Amino acid sequence: MRPKHKAIFILKIISLLSVFFFYSCVTAKIESKEYYTKNVDQLIKYLKDGDSNIRKYAAMTLGNIKDPKAVEPLMAALKDENNNVRRNVAAALWDIKDPRAVPSLIESLKDEDNNVRRNAAGALGEIKDLRAVEPLIETLKDGDNRVRGNAAAALGNIKDFRAIEPLTTILNDEDSNVRGDVEQALNKFKTVLP
């Protein structure tokens with residue numbers, strides 16, 4: 001076989017192997033999601049495991065699956081002693097978007113960990129429940145810029161008129177990202193104003 005033909009042959013083999021590898025990865029991902037979907041109860045049990053990494057990954061997986069059965073156990077896990085677990089639990093509830101989680105997420109707006117507060121604000125903005133408006137307005141005063149930004153974005157998603165004045169007062173926030181989030185939030189009110 002000539003070198004040119006040998007190179008073409010090798011490239012075709014590599015191409016076939018990469019297609020096979022891609023197909024295998026996609027199949028494995030589908031199979032693993034199907035496996036976990038069938039085993040939501042086991043994942044819920046893992047939320048109480050002694051290893052914080054297992055609790056964290058259980059929360060992440062439950063968020064990806066979005067099974068409503070996981071909401072109440074995840075709400076309980078928002079009180080986990082480990083901030084990484086609480087952070088991922090809030091993110092999972094953000095993915096699931098179930099209104100039953102609103103009271104627990106509102107409570108999490110006062111968590112000591114800024115990432116938990118940030119994810120809780122994001123989740124409340126996706127759920128769009130009016131019970132979250134006043135607590136989110138209070139969160140606009142948070143010391144962390146990403147928490148303030150997510151609170152502003154959440155208020156823009158909810159579009160309750162009580163938020164307009166508090167959002168306007170932080171248009172001059174020290175952080176440019178927060179100012180951008182506030183501007184986007186206020187722009188969303190234009191679609192509901194007469």
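The values are calculated or read from the model by the stated rules, or taken from the named source; none is laboratory data. Because the structure is predicted, anything quoted here is derived from the model rather than measured. Neighbour counts are summed over all protein chains in view; Cβ atoms, including those assigned to glycine, are modelled from backbone coordinates with ideal geometry. Note: areas computed on protein heavy atoms with side chains; ligands, DNA, RNA excluded. Shrake-Rupley method; radii C 1.70, N 1.55, O 1.52, S 1.80 Å.
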Mean Cβ neighbour count within 10 Å, used as a protection proxy, ranking 58-64, 47-53, 156-162, 71-77 highest first: 58-64, 71-77, 156-162, 47-53
Tell me, what % of the accessible area of the range 52-189 is carbon and sulfur with a 1.4 angstrom probe? 45
Give a residue-ordered list of calculated ³J(HN,Hα) values for the range 69-74 (Karplus: 6.51 cos²θ - 1.76 cosθ + 1.60, θ = phi - 60°; whole Hz; x for Gly, Pro). 4, 7, 4, 5, x, 5
What is the sum of charges around LEU167, taking Lys and Arg as +1, Asp and Glu as -1, for the other residues whose C-beta is under 15 Å from the C-beta of LEU167? -2
Rounded to the nearest 0.05, what FRET efficiency is calculated for THR168 and ASN84 with R0 set to 45 Å and r the Cβ-Cβ distance? 0.80
Between LYS159 and ALA76, what FRET efficiency follows from the Cβ-Cβ distance if R0 is 30 Å, with the result rounded to 0.05? 0.45
Take GLU174, GLU138 and sort them by solvent-accessible surface of the protein heavy atoms, 1.4 Å probe, largest at the top. GLU174, GLU138
Where the centroid of each part is defined by its Cα atoms, how far is the range 79-99 from the range 138-175 in Å? 21
In the neighborhood of MET75, defined by Cβ-to-Cβ distances under 13 Å, what is the net charge if each Lys or Arg adds +1 and each Asp or Glu adds -1? 0
For an R0 of 30 angstrom, estimate the FRET efficiency from the Cβ-Cβ distance between ASN187 and LYS97 and round to the nearest 0.05. 0.85
Quick one: 3J(HN,Hα) in Hz for the range 144-158, Karplus 6.51/-1.76/1.60 with θ = phi - 60°, rounded, Gly and Pro as x. 9, 4, 6, 5, 4, x, 5, 5, 4, 4, 4, 5, x, 5, 6
